[in-house]
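The values are calculated or read from the model by the stated rules, or taken from the named source; none is laboratory data. Keep in mind that this is a model prediction, so the values were computed, not measured. No Cβ is skipped: glycine too gets one built from the backbone with ideal geometry, and neighbour counts run over all protein chains shown. Each accessible area value is taken on the protein alone, full model and side chains, heavy atoms only, with ligands, DNA and RNA left out. Shrake-Rupley method; radii C 1.70, N 1.55, O 1.52, S 1.80 Å.
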Amino acid sequence: MYQIYVRSFADAGADGVGDLAGVRSRIAYLQRLGVDAVWLTPFYPSPQRDHGYDVADYFDVEPQYGDLAELDALVAECRSVGIRVLMDIVPNHCSSEHAWFQEALASAPGSASRSRFWFRDGRGADGEVPPNNWSAEFGGSAWTRVTEADGAPGQWYLHTFTPWQPDFDWSNDDVVEHFDRALRFWFDRGVDGFRVDAVQFVGKAPGLPDTEGDAPVSPARNPHLSFVASSHAVWRHWRATVDAYNEAHPARDVFLVAEAYTPRRPDILAAYVAPDEFHQAFSFDLLLSPWNVATLRDAIDAPHRALTAAGTTVTWVLNNHDVQRAVTRYGRLVAHDVSSWTGSPLGYSDSEVDVALGTRRARAAAVMVAALPGSLYVYQGEELGLPEVLDLPDTVRTDPVFLRAGGAEIGRDGCRVPIPWDDDATTACGFATAPATPWLPQPENWSTWSVARQEGDSDSMLALYRATLRRRTELAPHEGPLEWVLTDHAQLLAFARGDVTVVLNPTSDAVTLDASATEAADIMLTSSPGHVDPRVVPADTCVWLRS
Ligand code: BGC
(Lines give C-alpha, C1' and ligand atoms only; values in the text may rest on other atoms or scores of the structure.)
Protein backbone atom coordinates (compact mmCIF):
# COMPACT_ATOMS: atom_id res chain seq x y z
CA MET A 1 0.00 0.00 0.00
CA TYR A 2 1.38 3.41 -0.94
CA GLN A 3 0.47 6.53 1.02
CA ILE A 4 0.03 9.66 -1.07
CA TYR A 5 0.09 12.99 0.72
CA VAL A 6 -1.89 14.64 -2.06
CA ARG A 7 -0.68 18.15 -1.31
CA SER A 8 2.95 17.17 -1.87
CA PHE A 9 2.93 14.43 -4.49
CA ALA A 10 2.44 16.01 -7.91
CA ASP A 11 1.01 19.36 -8.97
CA ALA A 12 -0.79 19.25 -12.32
CA GLY A 13 -2.32 22.70 -11.81
CA ALA A 14 1.11 24.31 -11.31
CA ASP A 15 -0.12 26.40 -8.36
CA GLY A 16 2.46 24.94 -5.99
CA VAL A 17 0.01 22.55 -4.32
CA GLY A 18 -0.32 18.89 -5.30
CA ASP A 19 -3.66 17.70 -6.66
CA LEU A 20 -5.65 14.68 -7.81
CA ALA A 21 -4.79 15.27 -11.48
CA GLY A 22 -1.14 15.19 -10.42
CA VAL A 23 -1.66 11.81 -8.81
CA ARG A 24 -3.34 10.58 -12.00
CA SER A 25 -0.36 11.73 -14.06
CA ARG A 26 1.94 9.51 -11.99
CA ILE A 27 0.06 6.21 -12.07
CA ALA A 28 2.70 4.63 -14.28
CA TYR A 29 5.27 5.37 -11.57
CA LEU A 30 3.12 3.62 -8.97
CA GLN A 31 2.69 0.63 -11.23
CA ARG A 32 6.41 0.37 -11.78
CA LEU A 33 7.01 0.59 -8.05
CA GLY A 34 4.77 -2.43 -7.66
CA VAL A 35 2.09 -1.25 -5.25
CA ASP A 36 -1.35 -2.87 -4.93
CA ALA A 37 -3.18 0.19 -3.64
CA VAL A 38 -2.84 3.85 -2.77
CA TRP A 39 -4.14 5.68 0.27
CA LEU A 40 -4.88 9.34 -0.46
CA THR A 41 -4.69 11.72 2.50
CA PRO A 42 -7.81 13.92 2.90
CA PHE A 43 -8.83 15.90 -0.16
CA TYR A 44 -12.23 17.05 1.12
CA PRO A 45 -13.13 20.74 1.16
CA SER A 46 -11.21 22.12 4.09
CA PRO A 47 -9.75 25.36 5.38
CA GLN A 48 -6.49 23.35 5.64
CA ARG A 49 -5.75 24.32 9.23
CA ASP A 50 -4.49 20.75 9.59
CA HIS A 51 -4.11 20.11 5.84
CA GLY A 52 -7.39 18.36 5.32
CA TYR A 53 -7.73 16.66 8.70
CA ASP A 54 -10.20 19.46 9.30
CA VAL A 55 -13.01 18.43 6.96
CA ALA A 56 -15.65 21.03 6.08
CA ASP A 57 -17.71 18.73 3.83
CA TYR A 58 -17.46 14.93 3.73
CA PHE A 59 -19.17 14.68 0.33
CA ASP A 60 -17.02 16.76 -1.99
CA VAL A 61 -13.49 17.57 -3.15
CA GLU A 62 -11.41 20.58 -2.12
CA PRO A 63 -11.24 22.81 -5.23
CA GLN A 64 -7.46 23.20 -4.78
CA TYR A 65 -7.16 19.44 -5.27
CA GLY A 66 -9.73 18.94 -8.05
CA ASP A 67 -13.37 17.94 -8.17
CA LEU A 68 -15.54 14.85 -8.06
CA ALA A 69 -15.09 14.21 -11.78
CA GLU A 70 -11.31 14.27 -11.33
CA LEU A 71 -11.58 11.80 -8.45
CA ASP A 72 -13.76 9.52 -10.57
CA ALA A 73 -11.19 9.63 -13.36
CA LEU A 74 -8.39 8.85 -10.93
CA VAL A 75 -10.24 5.91 -9.40
CA ALA A 76 -11.15 4.54 -12.83
CA GLU A 77 -7.62 4.81 -14.14
CA CYS A 78 -6.14 3.21 -11.05
CA ARG A 79 -8.66 0.41 -11.29
CA SER A 80 -7.82 -0.17 -14.96
CA VAL A 81 -4.24 -1.01 -13.96
CA GLY A 82 -5.19 -2.99 -10.87
CA ILE A 83 -4.39 -0.36 -8.24
CA ARG A 84 -7.04 0.06 -5.55
CA VAL A 85 -7.80 3.44 -4.02
CA LEU A 86 -8.24 4.17 -0.33
CA MET A 87 -9.39 7.50 1.03
CA ASP A 88 -8.87 9.00 4.43
CA ILE A 89 -11.88 9.62 6.65
CA VAL A 90 -11.88 11.67 9.85
CA PRO A 91 -14.59 10.55 12.29
CA ASN A 92 -13.36 12.13 15.51
CA HIS A 93 -13.78 15.75 14.47
CA CYS A 94 -14.61 18.02 11.59
CA SER A 95 -13.59 21.53 10.65
CA SER A 96 -15.04 24.40 12.67
CA GLU A 97 -16.26 25.59 9.26
CA HIS A 98 -18.39 22.48 8.75
CA ALA A 99 -22.05 23.51 8.30
CA TRP A 100 -23.08 21.54 11.39
CA PHE A 101 -20.62 23.31 13.62
CA GLN A 102 -21.57 26.70 12.25
CA GLU A 103 -25.21 25.80 12.90
CA ALA A 104 -24.31 24.73 16.43
CA LEU A 105 -22.57 28.03 17.09
CA ALA A 106 -25.65 29.92 15.94
CA SER A 107 -27.95 27.74 18.09
CA ALA A 108 -28.78 27.95 21.75
CA PRO A 109 -27.19 25.87 24.49
CA GLY A 110 -29.01 22.57 24.81
CA SER A 111 -30.18 22.63 21.17
CA ALA A 112 -30.19 19.56 18.94
CA SER A 113 -27.53 21.22 16.77
CA ARG A 114 -25.13 21.46 19.69
CA SER A 115 -25.69 17.87 20.71
CA ARG A 116 -23.76 16.62 17.68
CA PHE A 117 -20.65 18.03 19.37
CA TRP A 118 -19.49 18.32 22.98
CA PHE A 119 -20.83 21.66 24.18
CA ARG A 120 -20.74 22.09 27.95
CA ASP A 121 -21.12 24.92 30.43
CA GLY A 122 -17.91 26.11 32.03
CA ARG A 123 -17.07 25.90 35.70
CA GLY A 124 -16.45 28.84 38.01
CA ALA A 125 -18.79 31.66 38.97
CA ASP A 126 -19.29 32.86 35.40
CA GLY A 127 -18.50 29.65 33.56
CA GLU A 128 -15.06 31.01 32.81
CA VAL A 129 -13.22 27.79 33.72
CA PRO A 130 -13.22 24.96 31.13
CA PRO A 131 -15.62 22.08 31.88
CA ASN A 132 -12.70 19.81 32.74
CA ASN A 133 -8.90 19.84 32.80
CA TRP A 134 -8.24 17.97 29.55
CA SER A 135 -5.40 19.06 27.28
CA ALA A 136 -5.49 19.14 23.47
CA GLU A 137 -3.14 17.19 21.26
CA PHE A 138 -1.25 20.14 19.81
CA GLY A 139 -1.10 22.15 23.00
CA GLY A 140 -3.43 24.14 25.27
CA SER A 141 -6.79 23.22 26.71
CA ALA A 142 -9.06 20.78 24.88
CA TRP A 143 -11.89 23.30 25.36
CA THR A 144 -12.65 26.58 23.63
CA ARG A 145 -15.31 28.99 24.80
CA VAL A 146 -17.80 30.37 22.32
CA THR A 147 -19.56 33.69 22.16
CA GLU A 148 -23.33 33.23 22.20
CA ALA A 149 -25.76 34.93 19.80
CA ASP A 150 -26.34 37.74 22.34
CA GLY A 151 -22.62 38.55 22.39
CA ALA A 152 -22.04 37.12 25.87
CA PRO A 153 -19.30 34.58 26.64
CA GLY A 154 -21.03 31.22 26.55
CA GLN A 155 -20.51 27.47 26.50
CA TRP A 156 -17.34 25.58 25.74
CA TYR A 157 -16.77 22.90 23.07
CA LEU A 158 -14.35 20.00 23.16
CA HIS A 159 -11.55 19.50 20.64
CA THR A 160 -8.96 16.75 21.01
CA PHE A 161 -6.81 18.58 18.46
CA THR A 162 -6.95 22.29 17.58
CA PRO A 163 -9.88 24.63 18.26
CA TRP A 164 -10.55 24.41 14.50
CA GLN A 165 -11.31 20.68 14.87
CA PRO A 166 -14.39 20.24 17.13
CA ASP A 167 -15.02 16.64 18.24
CA PHE A 168 -18.22 14.86 17.23
CA ASP A 169 -20.34 13.25 19.91
CA TRP A 170 -20.77 9.71 18.65
CA SER A 171 -23.74 9.03 20.89
CA ASN A 172 -25.70 11.31 18.54
CA ASP A 173 -27.63 9.45 15.83
CA ASP A 174 -27.12 12.20 13.25
CA VAL A 175 -23.38 11.66 13.51
CA VAL A 176 -23.68 7.91 13.05
CA GLU A 177 -25.99 8.29 10.07
CA HIS A 178 -23.80 11.00 8.49
CA PHE A 179 -20.76 8.74 8.42
CA ASP A 180 -22.74 5.76 7.14
CA ARG A 181 -23.80 7.95 4.26
CA ALA A 182 -20.27 9.21 3.68
CA LEU A 183 -18.83 5.68 3.52
CA ARG A 184 -21.45 4.58 1.01
CA PHE A 185 -21.15 7.79 -1.02
CA TRP A 186 -17.46 7.13 -1.72
CA PHE A 187 -17.85 3.37 -2.11
CA ASP A 188 -20.45 4.09 -4.78
CA ARG A 189 -17.84 6.21 -6.61
CA GLY A 190 -15.51 3.22 -6.72
CA VAL A 191 -13.33 3.95 -3.70
CA ASP A 192 -12.11 0.66 -2.21
CA GLY A 193 -11.79 1.59 1.42
CA PHE A 194 -10.78 4.05 4.10
CA ARG A 195 -7.88 4.76 6.35
CA VAL A 196 -9.78 5.87 9.44
CA ASP A 197 -8.15 8.75 11.27
CA ALA A 198 -7.44 8.96 14.99
CA VAL A 199 -9.87 6.20 15.99
CA GLN A 200 -8.54 6.07 19.53
CA PHE A 201 -10.19 9.38 20.39
CA VAL A 202 -13.69 8.52 19.19
CA GLY A 203 -15.67 7.94 22.38
CA LYS A 204 -15.26 9.79 25.66
CA ALA A 205 -15.66 8.52 29.20
CA PRO A 206 -19.16 9.23 30.58
CA GLY A 207 -19.23 12.42 32.61
CA LEU A 208 -15.95 13.63 31.07
CA PRO A 209 -14.00 13.29 34.34
CA ASP A 210 -10.87 15.30 35.07
CA THR A 211 -7.51 13.63 34.65
CA GLU A 212 -5.66 13.01 37.87
CA GLY A 213 -2.98 15.32 39.25
CA ASP A 214 -2.05 18.86 38.36
CA ALA A 215 0.20 18.18 35.40
CA PRO A 216 -1.39 18.39 31.95
CA VAL A 217 -2.01 14.96 30.42
CA SER A 218 -1.78 14.60 26.65
CA PRO A 219 -4.88 13.17 24.95
CA ALA A 220 -2.97 10.00 24.04
CA ARG A 221 -2.38 9.37 27.74
CA ASN A 222 -5.75 10.60 28.95
CA PRO A 223 -7.69 7.47 29.93
CA HIS A 224 -11.00 9.30 29.59
CA LEU A 225 -10.28 10.37 26.03
CA SER A 226 -8.15 7.66 24.49
CA PHE A 227 -9.14 4.02 23.91
CA VAL A 228 -12.43 4.38 25.73
CA ALA A 229 -13.74 0.82 25.53
CA SER A 230 -17.34 1.66 24.66
CA SER A 231 -16.19 3.28 21.40
CA HIS A 232 -15.66 -0.14 19.85
CA ALA A 233 -19.42 -0.20 19.23
CA VAL A 234 -18.85 2.50 16.60
CA TRP A 235 -16.38 0.31 14.71
CA ARG A 236 -18.58 -2.73 14.91
CA HIS A 237 -21.30 -0.62 13.34
CA TRP A 238 -18.91 0.55 10.59
CA ARG A 239 -17.86 -3.02 9.89
CA ALA A 240 -21.49 -4.05 9.58
CA THR A 241 -22.00 -1.20 7.10
CA VAL A 242 -18.99 -2.33 5.10
CA ASP A 243 -19.98 -5.98 5.18
CA ALA A 244 -23.49 -5.09 4.05
CA TYR A 245 -22.00 -3.06 1.20
CA ASN A 246 -19.83 -5.94 0.06
CA GLU A 247 -22.74 -8.32 0.28
CA ALA A 248 -24.92 -6.08 -1.84
CA HIS A 249 -22.09 -5.59 -4.36
CA PRO A 250 -20.48 -8.99 -4.88
CA ALA A 251 -17.81 -7.57 -7.21
CA ARG A 252 -16.54 -5.27 -4.49
CA ASP A 253 -14.29 -5.91 -1.50
CA VAL A 254 -14.15 -2.60 0.36
CA PHE A 255 -12.28 -2.40 3.63
CA LEU A 256 -11.12 -0.28 6.59
CA VAL A 257 -7.73 0.34 8.16
CA ALA A 258 -7.50 2.02 11.56
CA GLU A 259 -5.02 4.60 12.72
CA ALA A 260 -4.49 4.26 16.46
CA TYR A 261 -1.20 4.79 18.24
CA THR A 262 -1.07 1.92 20.72
CA PRO A 263 2.57 2.12 21.80
CA ARG A 264 3.69 -1.26 23.09
CA ARG A 265 0.11 -2.32 23.76
CA PRO A 266 -0.53 -5.07 21.22
CA ASP A 267 -3.58 -6.10 23.22
CA ILE A 268 -5.21 -2.74 22.48
CA LEU A 269 -4.17 -3.00 18.83
CA ALA A 270 -5.65 -6.48 18.60
CA ALA A 271 -9.03 -5.22 19.81
CA TYR A 272 -9.32 -2.97 16.73
CA VAL A 273 -8.81 -5.88 14.36
CA ALA A 274 -11.32 -8.20 16.01
CA PRO A 275 -13.24 -10.03 13.27
CA ASP A 276 -16.17 -7.61 13.54
CA GLU A 277 -14.10 -4.40 13.51
CA PHE A 278 -11.31 -3.14 11.22
CA HIS A 279 -9.69 -5.27 8.54
CA GLN A 280 -6.32 -3.72 9.37
CA ALA A 281 -4.84 -1.40 12.01
CA PHE A 282 -1.37 0.10 11.70
CA SER A 283 1.21 -1.30 14.06
CA PHE A 284 3.41 1.67 14.91
CA ASP A 285 5.82 0.04 17.35
CA LEU A 286 8.41 -0.60 14.66
CA LEU A 287 8.17 2.98 13.43
CA LEU A 288 8.68 4.21 16.98
CA SER A 289 11.53 1.83 17.76
CA PRO A 290 15.12 2.97 18.12
CA TRP A 291 17.68 1.21 15.88
CA ASN A 292 18.46 -1.40 18.45
CA VAL A 293 18.18 -5.15 18.15
CA ALA A 294 16.21 -5.61 21.37
CA THR A 295 13.56 -3.00 20.65
CA LEU A 296 13.29 -3.95 16.99
CA ARG A 297 12.68 -7.56 17.92
CA ASP A 298 10.07 -6.61 20.49
CA ALA A 299 8.39 -4.21 18.04
CA ILE A 300 7.95 -7.08 15.60
CA ASP A 301 7.35 -9.98 17.91
CA ALA A 302 4.75 -8.50 20.26
CA PRO A 303 2.26 -7.28 17.63
CA HIS A 304 2.87 -10.38 15.54
CA ARG A 305 2.01 -12.66 18.44
CA ALA A 306 -1.02 -10.67 19.51
CA LEU A 307 -2.49 -10.34 16.05
CA THR A 308 -1.76 -13.91 15.05
CA ALA A 309 -3.57 -15.02 18.20
CA ALA A 310 -6.45 -12.78 17.16
CA GLY A 311 -6.55 -14.57 13.82
CA THR A 312 -5.21 -11.77 11.67
CA THR A 313 -1.96 -10.24 10.39
CA VAL A 314 0.08 -7.14 11.21
CA THR A 315 0.00 -3.94 9.16
CA TRP A 316 3.58 -2.67 9.10
CA VAL A 317 4.68 0.90 8.56
CA LEU A 318 8.02 2.71 8.79
CA ASN A 319 6.94 6.21 7.77
CA ASN A 320 3.93 8.46 7.43
CA HIS A 321 3.06 12.14 7.19
CA ASP A 322 3.14 12.59 10.99
CA VAL A 323 6.63 11.42 11.91
CA GLN A 324 10.21 12.24 11.01
CA ARG A 325 11.37 10.28 8.01
CA ALA A 326 13.21 7.01 8.67
CA VAL A 327 16.48 8.19 7.09
CA THR A 328 16.66 10.97 9.66
CA ARG A 329 15.40 8.93 12.62
CA TYR A 330 17.91 6.19 11.98
CA GLY A 331 20.66 8.69 11.20
CA ARG A 332 20.54 10.20 14.68
CA LEU A 333 23.92 9.72 16.23
CA VAL A 334 22.47 9.19 19.68
CA ALA A 335 19.12 7.95 20.95
CA HIS A 336 19.28 4.37 19.82
CA ASP A 337 19.47 2.74 23.20
CA VAL A 338 16.51 0.93 24.68
CA SER A 339 15.65 3.73 27.08
CA SER A 340 15.07 6.14 24.20
CA TRP A 341 11.96 4.22 23.21
CA THR A 342 9.54 6.94 24.21
CA GLY A 343 6.43 5.59 22.58
CA SER A 344 5.55 9.09 21.44
CA PRO A 345 4.93 9.46 17.72
CA LEU A 346 6.21 13.00 17.66
CA GLY A 347 8.89 12.59 20.31
CA TYR A 348 12.34 12.50 18.82
CA SER A 349 15.76 13.68 19.79
CA ASP A 350 17.25 16.67 18.07
CA SER A 351 20.73 15.18 18.02
CA GLU A 352 23.01 15.38 15.00
CA VAL A 353 22.02 13.40 11.91
CA ASP A 354 24.31 11.38 9.65
CA VAL A 355 22.22 11.05 6.47
CA ALA A 356 24.49 8.43 4.90
CA LEU A 357 24.22 6.26 8.02
CA GLY A 358 20.47 6.84 8.23
CA THR A 359 20.10 5.90 4.57
CA ARG A 360 22.01 2.68 5.08
CA ARG A 361 19.80 1.76 8.01
CA ALA A 362 16.60 2.82 6.25
CA ARG A 363 17.55 0.52 3.36
CA ALA A 364 18.04 -2.33 5.81
CA ALA A 365 14.77 -1.56 7.57
CA ALA A 366 12.87 -1.55 4.26
CA VAL A 367 14.29 -4.91 3.20
CA MET A 368 13.48 -6.34 6.61
CA VAL A 369 9.95 -5.00 6.98
CA ALA A 370 8.99 -6.14 3.48
CA ALA A 371 9.77 -9.72 4.49
CA LEU A 372 7.43 -9.74 7.47
CA PRO A 373 4.12 -11.53 7.14
CA GLY A 374 1.25 -9.07 6.87
CA SER A 375 0.64 -5.91 4.87
CA LEU A 376 2.99 -3.00 4.37
CA TYR A 377 2.36 0.72 3.88
CA VAL A 378 5.02 2.87 2.20
CA TYR A 379 4.86 6.66 2.53
CA GLN A 380 5.63 8.70 -0.59
CA GLY A 381 9.29 9.64 -0.77
CA GLU A 382 10.33 6.76 1.48
CA GLU A 383 11.18 4.83 -1.69
CA LEU A 384 13.46 7.72 -2.68
CA GLY A 385 15.21 7.75 0.68
CA LEU A 386 14.19 11.34 1.35
CA PRO A 387 15.50 12.69 4.62
CA GLU A 388 13.41 14.90 6.90
CA VAL A 389 13.86 18.56 5.99
CA LEU A 390 14.90 19.95 9.34
CA ASP A 391 15.88 23.47 8.39
CA LEU A 392 12.67 24.91 6.96
CA PRO A 393 12.46 28.56 7.94
CA ASP A 394 9.90 29.24 10.66
CA THR A 395 8.07 31.60 8.31
CA VAL A 396 7.10 28.80 5.92
CA ARG A 397 6.08 26.24 8.50
CA THR A 398 2.33 25.57 8.46
CA ASP A 399 1.84 22.61 10.76
CA PRO A 400 -0.44 23.33 13.73
CA VAL A 401 1.99 21.32 15.87
CA PHE A 402 4.56 24.08 15.23
CA LEU A 403 2.12 26.98 15.25
CA ARG A 404 0.26 25.95 18.42
CA ALA A 405 3.51 25.42 20.29
CA GLY A 406 4.71 28.88 19.30
CA GLY A 407 7.64 27.27 17.51
CA ALA A 408 8.76 25.18 20.48
CA GLU A 409 7.94 22.00 18.54
CA ILE A 410 9.39 21.66 15.05
CA GLY A 411 6.26 19.91 13.77
CA ARG A 412 5.63 17.74 10.74
CA ASP A 413 6.27 19.98 7.73
CA GLY A 414 9.68 18.41 7.22
CA CYS A 415 8.25 15.08 6.04
CA ARG A 416 5.75 16.80 3.74
CA VAL A 417 8.09 18.69 1.41
CA PRO A 418 7.00 18.15 -2.24
CA ILE A 419 8.47 15.15 -4.04
CA PRO A 420 11.45 15.69 -6.39
CA TRP A 421 10.69 14.03 -9.72
CA ASP A 422 13.50 15.50 -11.81
CA ASP A 423 16.24 18.13 -11.82
CA ASP A 424 14.27 21.10 -13.11
CA ALA A 425 14.51 23.79 -10.43
CA THR A 426 11.88 26.00 -12.10
CA THR A 427 9.13 23.38 -11.67
CA ALA A 428 10.11 22.48 -8.11
CA CYS A 429 12.05 19.43 -9.35
CA GLY A 430 9.21 18.30 -11.60
CA PHE A 431 6.65 18.46 -8.77
CA ALA A 432 4.69 20.95 -10.89
CA THR A 433 3.92 20.69 -14.59
CA ALA A 434 4.99 24.32 -15.17
CA PRO A 435 7.05 26.88 -13.25
CA ALA A 436 5.64 27.14 -9.74
CA THR A 437 6.61 27.90 -6.17
CA PRO A 438 5.92 24.82 -4.04
CA TRP A 439 3.81 25.33 -0.90
CA LEU A 440 6.82 24.22 1.16
CA PRO A 441 10.26 25.10 -0.22
CA GLN A 442 12.51 22.25 -1.29
CA PRO A 443 16.11 22.24 -0.09
CA GLU A 444 18.76 23.29 -2.64
CA ASN A 445 20.03 19.75 -3.10
CA TRP A 446 16.56 18.14 -3.31
CA SER A 447 17.12 16.86 -6.86
CA THR A 448 19.84 14.58 -5.46
CA TRP A 449 16.93 12.33 -4.50
CA SER A 450 14.86 12.83 -7.67
CA VAL A 451 13.13 9.94 -9.36
CA ALA A 452 14.90 10.79 -12.63
CA ARG A 453 18.34 10.50 -11.04
CA GLN A 454 17.52 7.28 -9.25
CA GLU A 455 15.96 5.65 -12.32
CA GLY A 456 19.33 5.06 -13.88
CA ASP A 457 21.13 3.92 -10.74
CA SER A 458 20.80 0.25 -9.85
CA ASP A 459 22.12 0.98 -6.34
CA SER A 460 19.54 3.68 -5.62
CA MET A 461 16.90 3.51 -2.92
CA LEU A 462 14.23 3.50 -5.64
CA ALA A 463 15.82 0.49 -7.31
CA LEU A 464 15.97 -1.24 -3.93
CA TYR A 465 12.28 -0.58 -3.21
CA ARG A 466 11.25 -1.81 -6.65
CA ALA A 467 13.27 -4.97 -6.24
CA THR A 468 12.08 -5.50 -2.69
CA LEU A 469 8.39 -5.10 -3.50
CA ARG A 470 8.79 -7.43 -6.46
CA ARG A 471 10.59 -10.12 -4.49
CA ARG A 472 8.20 -9.77 -1.58
CA THR A 473 5.54 -11.43 -3.71
CA GLU A 474 7.71 -14.56 -3.72
CA LEU A 475 7.37 -14.78 0.06
CA ALA A 476 3.62 -15.38 -0.09
CA PRO A 477 1.53 -16.38 1.67
CA HIS A 478 1.67 -13.17 3.65
CA GLU A 479 -0.17 -14.90 6.45
CA GLY A 480 2.80 -17.24 6.89
CA PRO A 481 4.31 -17.81 10.31
CA LEU A 482 7.29 -15.91 11.64
CA GLU A 483 9.94 -18.15 13.07
CA TRP A 484 12.93 -16.60 14.84
CA VAL A 485 16.23 -18.24 13.90
CA LEU A 486 19.98 -17.76 14.45
CA THR A 487 19.13 -16.80 18.01
CA ASP A 488 22.70 -17.58 19.12
CA HIS A 489 23.76 -14.38 17.38
CA ALA A 490 22.61 -11.85 19.96
CA GLN A 491 23.45 -8.93 17.70
CA LEU A 492 21.24 -10.15 14.86
CA LEU A 493 17.56 -10.31 14.20
CA ALA A 494 16.74 -13.24 11.95
CA PHE A 495 13.58 -14.99 10.92
CA ALA A 496 12.58 -17.66 8.47
CA ARG A 497 9.86 -17.36 5.86
CA GLY A 498 9.71 -20.78 4.27
CA ASP A 499 13.03 -21.43 2.54
CA VAL A 500 14.10 -17.81 2.94
CA THR A 501 16.05 -16.61 5.97
CA VAL A 502 15.91 -12.87 6.60
CA VAL A 503 18.84 -11.53 8.59
CA LEU A 504 19.13 -7.98 9.90
CA ASN A 505 22.38 -6.77 11.39
CA PRO A 506 21.54 -3.42 13.04
CA THR A 507 25.01 -3.06 14.57
CA SER A 508 28.06 -1.18 13.30
CA ASP A 509 30.14 -4.34 12.83
CA ALA A 510 29.89 -7.03 10.20
CA VAL A 511 28.74 -10.40 11.52
CA THR A 512 29.94 -13.75 10.22
CA LEU A 513 27.19 -16.35 10.28
CA ASP A 514 27.62 -19.97 11.37
CA ALA A 515 28.64 -22.04 8.39
CA SER A 516 25.62 -24.29 8.91
CA ALA A 517 23.27 -21.34 8.52
CA THR A 518 24.56 -20.33 5.13
CA GLU A 519 25.33 -23.68 3.60
CA ALA A 520 24.14 -23.63 0.00
CA ALA A 521 22.43 -20.28 0.60
CA ASP A 522 22.17 -17.61 -2.08
CA ILE A 523 21.63 -13.93 -1.57
CA MET A 524 18.13 -13.26 -2.85
CA LEU A 525 18.10 -9.61 -1.83
CA THR A 526 20.43 -7.38 0.16
CA SER A 527 20.20 -3.79 1.32
CA SER A 528 23.94 -3.20 0.86
CA PRO A 529 25.26 -2.65 -2.65
CA GLY A 530 28.30 -4.84 -3.26
CA HIS A 531 27.32 -7.40 -0.63
CA VAL A 532 28.01 -10.74 -2.29
CA ASP A 533 29.16 -13.11 0.43
CA PRO A 534 26.18 -14.87 2.09
CA ARG A 535 28.33 -15.84 5.09
CA VAL A 536 28.94 -12.25 6.17
CA VAL A 537 26.25 -9.69 6.97
CA PRO A 538 27.74 -6.20 6.77
CA ALA A 539 26.96 -3.53 9.37
CA ASP A 540 23.45 -2.03 9.20
CA THR A 541 22.37 -4.47 6.54
CA CYS A 542 19.45 -6.76 5.91
CA VAL A 543 19.75 -9.76 3.61
CA TRP A 544 17.37 -12.42 2.37
CA LEU A 545 19.12 -15.77 2.03
CA ARG A 546 17.47 -18.51 0.05
CA SER A 547 18.55 -22.07 0.61
C1 BGC B 1 -3.43 12.43 11.34
C2 BGC B 1 -2.77 13.74 11.59
C3 BGC B 1 -3.81 14.72 12.06
C4 BGC B 1 -4.60 14.18 13.24
C5 BGC B 1 -5.85 14.98 13.47
C6 BGC B 1 -3.89 12.07 12.72
O7 BGC B 1 -3.49 11.12 13.43
O8 BGC B 1 -2.61 11.46 10.78
O9 BGC B 1 -2.08 14.20 10.46
O10 BGC B 1 -3.18 15.91 12.43
O11 BGC B 1 -4.98 12.86 13.05
O12 BGC B 1 -6.81 14.64 12.53
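Side notes on the structure shown:
- Residues (of a type in the set (Asp, Glu) and either farther than 23 Å from PRO163 by Cα or open to solvent by 50 Å² or more (accessible area, probe 1.4 Å) (or both)) located in the stretch 377-436: GLU382, GLU383, GLU388, ASP391, ASP394, GLU409, ASP422, ASP423, ASP424
- Among (1) within 30 Å of THR308 (Cβ to Cβ); (2) among the aliphatic types (A, V, I, L, M); (3) in a loop (DSSP other than H, G, I, E, B) - the single one ALA434 does not satisfy: (1)
Each row is one residue, and each column tells you yes or no for (1) outside the structural domain of PHE402 (by TED's automatic domain parsing); (2) closer than 25 Å to LEU462 by Cβ; (3) within 14 Å of the ligand (Cβ to nearest atom).
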site: ARG7; (1), (2), (3): yes, yes, yes
site: VAL23; (1), (2), (3): yes, yes, no
site: GLN31; (1), (2), (3): yes, yes, no
site: ASP50; (1), (2), (3): yes, no, yes
site: TYR58; (1), (2), (3): yes, no, yes
site: VAL61; (1), (2), (3): yes, no, no
site: GLN64; (1), (2), (3): yes, no, no
site: CYS78; (1), (2), (3): yes, yes, no
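- Taken over the stretch 515-547, the residue count meeting the criterion of being assigned to a strand (DSSP E or B) and of a type in the set (A, V, I, L, M) is 7.
- Answer from VAL85, VAL176 - the residue that is touching a residue at least 60 places away in the same chain (Cβ under 8 Å), open to solvent by less than 10 Å² (accessible area, probe 1.4 Å), away from the ligand (no atom under 16 Å from the Cβ) and not in a loop (DSSP other than H, G, I, E, B): VAL85
- Within the stretch 224-254, the residues that satisfy the criterion of being hydroxyl-bearing (Ser, Thr, Tyr), surrounded by 14 or more Cβ atoms within 10 Å (Cβ to Cβ) and either closer than 15 Å to SER171 by Cβ or within 21 Å of the chain's Cα centre (by Cα) (or both) are SER226, SER231.
- When residues of the stretch 210-223 are limited to those that are open to solvent by 40 Å² or more (accessible area, probe 1.4 Å) and touching a residue at least 24 places away in the same chain (Cβ under 8 Å), the one farthest from PHE168 (Cα to Cα): PRO216
- Per this entry, PHE194 is counted among residues that are within 14 Å of the ligand (Cβ to nearest atom), assigned to a strand (DSSP E or B), of a type in the set (A, V, I, L, M, F, W, C) and crowded, with 20+ Cβ neighbours inside 10 Å.
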